[in-house]
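A.B. asks: Structure in structure tokens, see below.
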Amino acid sequence: LHGQTRGGFITCCCARFDPDGTVAIASAGHLAPYADGEEIAVEGLPLGLVAAADYEEKSIQVQAMTFLSDGVVEAENSNRELFGFDRTRDISTQPAQAIAEAARAWGQTDDITVVTVRRKP
């Protein structure tokens with residue numbers, strides 16, 4: 001994507017789910033996902049900024065992973081207060097629809113996308 005984004009960039013978070021509950025995660029500047037309610041920081045530059053970049057892959061054991069767009073943390077109420085990372089973390093174990101609705105009710109200013117993947121026992 002380098003040289004193809006007219007000075008912009010694209011964020012991305014990729015995850016590979018193995019049957020044993022191991023999840024391998026790599027990020028290109030995207031918001032950190034939540035694993036069983038804990039933020040999982042994975043470093044990586046957004047796509048399109050540099051021609052060659054290395055991306056860290058982190059492997060963890062989880063029951064549930066929640067991925068979200070920046071529209072959740074950047075939801076803004078009428079007092080211009082952001083929904084923010086603390087509120088997002090506090091509800092990160094709730095179903096994806098509940099997280100999206102909480103951000104939307106706070107004050108949607110951007111797209112809101114939430115995906116939760118749960119491992120069956």
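A.B. asks: Need at least 3 residues that are surrounded by 15 or more Cβ atoms within 10 Å (Cβ to Cβ) and charged (D, E, K, R) per element, so show me which helices (runs of 4 or more DSSP H) inside region 8-121 make the cut, counting only ones lying wholly within it.
C.D. replies: none
A.B. asks: While we're looking at this one, here's another question. Name the pairs whose Cβ atoms lie under 6 Å apart, with the first residue in region 38-51 and over 21 Å from ASP90 (Cβ atoms) and at pLDDT below 95, the second surrounded by fewer than 18 Cβ atoms within 10 Å (Cβ to Cβ) and hydroxyl-bearing (Ser, Thr, Tyr), and 6 or more positions between them or separate chains?
C.D. replies: Every condition considered, the pairs that remain are GLY44/TYR55; PRO46/THR11; GLY48/THR5.
The values are calculated or read from the model by the stated rules, or taken from the named source; none is laboratory data. It should be emphasised that the depicted structure is a prediction, and the values quoted were computed from it without experimental measurement. Here Cβ is always computed from backbone atoms with ideal geometry, including for glycine, and neighbour counts include all displayed protein chains.
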